[in-house]
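Q: Just dropping this structure here.
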Amino acid sequence: MEDQHGDVDASVDHALRPRMSTFSYDAIRKDREADVVEPGVTDGPLDTEVESPAIETPQPQLADVVRERAVVRRFKASERGIRPVFVPSLREDSTRLRLRADALQDQSPEHALQLWREYITLCPRDADAWFAFGQCALMSGLDRQAHRAFQMTIELDETYGLAEAALGFLVEKSGDLLAAKSHYERAVHLRPRCLDMLKELVRVTAALGQAEEAEALRDTLESMANSRSRG
């Protein structure tokens, strides 16, 4: 299931499948060390007056690594003491974090907040994740973090009406009704069929003492509600 705002494919059956690797550089290194003669060691007596030449450490080459890797695969991994290693990819890690955060969002917003924070570190351009992070921060009483998260949501997706409405709620909570009205107006513009957002705009407009505009908005709200009930 791919989220229209997200960066992460949530197809769990494929994304959560671990990848296995049985290749070990340690095994190759041990094989090489078994055949290496220590510098300066010979079968006969040593000439103490002659200094042994320095042996340059060979640099690993891609062709050598590929050749040695092919040799390793000819033997059973168990005979060489190699065990399978499961290495999750960043996509798998981010998918797990997102699924866990979604599951805990309502039950434990504080825990979900930490999971969303870790997920955003991996996928910082996921607007839905920033919005979810803001919701958890808001439920946890962290208004500043919530405000920043909703701003980031809009920076990533200018059409995110829910984030505009959330910012309207936060700035109204701080006492700035004019700014709240601006956010609610943008939210209604982005989601014109959402009655809840229009209700908030009507309420804040009336609270500002703009009676005529509030009345006009109220008429629009009633018309939309009646049309929806008949449909």
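The values are calculated or read from the model by the stated rules, or taken from the named source; none is laboratory data. Here the structure is a predicted model, which means the values were calculated and not measured. Virtual Cβ from ideal backbone geometry, glycine too; neighbours counted across all protein chains shown.
Q: In this structure, does H189 turn out to be crowded, with 21+ Cβ neighbours inside 10 Å, under 30 Å from S223 (Cβ atoms) and at pLDDT 95 or above? Spell out how you get there, then give the answer.
A: Details: crowded, with 21+ Cβ neighbours inside 10 Å: no; under 30 Å from S223 (Cβ atoms): yes; at pLDDT 95 or above: yes.
Against the criterion (crowded, with 21+ Cβ neighbours inside 10 Å, under 30 Å from S223 (Cβ atoms) and at pLDDT 95 or above), H189 does not qualify.
Q: Related question: Restrict the check to the range 149-162 and report whether at least one residue is without any contact (Cβ under 8 Å) to a residue 12 or more places away in the chain and not in a loop (DSSP other than H, G, I, E, B).
A: Of the residues in the range 149-162, the ones without any contact (Cβ under 8 Å) to a residue 12 or more places away in the chain are 155, 158.
Going one step further and asking which of them are not in a loop (DSSP other than H, G, I, E, B), we end up with 155.
Checking the range 149-162: at least one residue is without any contact (Cβ under 8 Å) to a residue 12 or more places away in the chain and not in a loop (DSSP other than H, G, I, E, B).
Q: Of all the residues that make up the range 197-218, how many are in contact (Cβ under 8 Å) with a residue 24 or more places away in the chain, assigned to a helix (DSSP H, G or I) and surrounded by fewer than 18 Cβ atoms within 10 Å (Cβ to Cβ)?
A: Restricting attention to the range 197-218, the residues satisfying the condition of being in contact (Cβ under 8 Å) with a residue 24 or more places away in the chain are 197-198, 200, 204-205, 207-208.
Keeping just the survivors that are assigned to a helix (DSSP H, G or I) gives 197-198, 200, 204-205, 207.
From what is left, the residues that are surrounded by fewer than 18 Cβ atoms within 10 Å (Cβ to Cβ) are 207.
Total meeting the criteria: 1.
Q: Something else now. So is R144 touching a Leu at 6+ places or on another chain (Cβ under 7 Å), loosely packed, with under 15 Cβ neighbours inside 10 Å and not hydroxyl-bearing (S, T, Y) or not? Talk me through it step by step, then tell me what you get.
A: On the way: touching a Leu at 6+ places or on another chain (Cβ under 7 Å): no; loosely packed, with under 15 Cβ neighbours inside 10 Å: yes; not hydroxyl-bearing (S, T, Y): yes.
It is false that R144 is touching a Leu at 6+ places or on another chain (Cβ under 7 Å), loosely packed, with under 15 Cβ neighbours inside 10 Å and not hydroxyl-bearing (S, T, Y).
Q: Please go through the range 106-123 and pick out each residue that is more than 10 Å from the chain's Cα centre (by Cα), under 23 Å from E155 (Cα atoms) and outside any helix (DSSP H, G or I). Can you show your working first?
A: So in the range 106-123, the residues more than 10 Å from the chain's Cα centre (by Cα) come out as 106-114.
Narrowing further to those that are under 23 Å from E155 (Cα atoms): 112-114.
Passing the criteria: none in range.
Q: Has the range 157-180 got any residue that is at pLDDT 90 or above, β-branched (V, I, T) and under 29 Å from L198 (Cα atoms)? It would help to see each step written out before you state the result.
A: Residues of the range 157-180 at pLDDT 90 or above: 157-180.
Filter once more, so that each one left must be β-branched (V, I, T): 159, 171.
Going one step further and asking which of them are under 29 Å from L198 (Cα atoms), we end up with 159, 171.
Yes, the range 157-180 has at least one match.
Q: For the range 156-186, name all the residues that are under 30 Å from the mean Cα position of the chain (by Cα), among the aliphatic types (A, V, I, L, M) and surrounded by fewer than 22 Cβ atoms within 10 Å (Cβ to Cβ).
A: Scanning the range 156-186 gives L156, L162, L170, V171.
Q: Among the residues of the range 124-141, is any at pLDDT 90 or above, assigned to a helix (DSSP H, G or I) and in contact with a Cys (Cβ under 9 Å, 6 or more places away or on another chain)? Lay out the reasoning, then the answer.
A: Looking only at the range 124-141, we keep the residues that are at pLDDT 90 or above, and these are 124-141.
Adding the requirement that they be assigned to a helix (DSSP H, G or I) leaves 127-139.
Adding the requirement that they be in contact with a Cys (Cβ under 9 Å, 6 or more places away or on another chain) leaves 129.
Checking the range 124-141: at least one residue is at pLDDT 90 or above, assigned to a helix (DSSP H, G or I) and in contact with a Cys (Cβ under 9 Å, 6 or more places away or on another chain).
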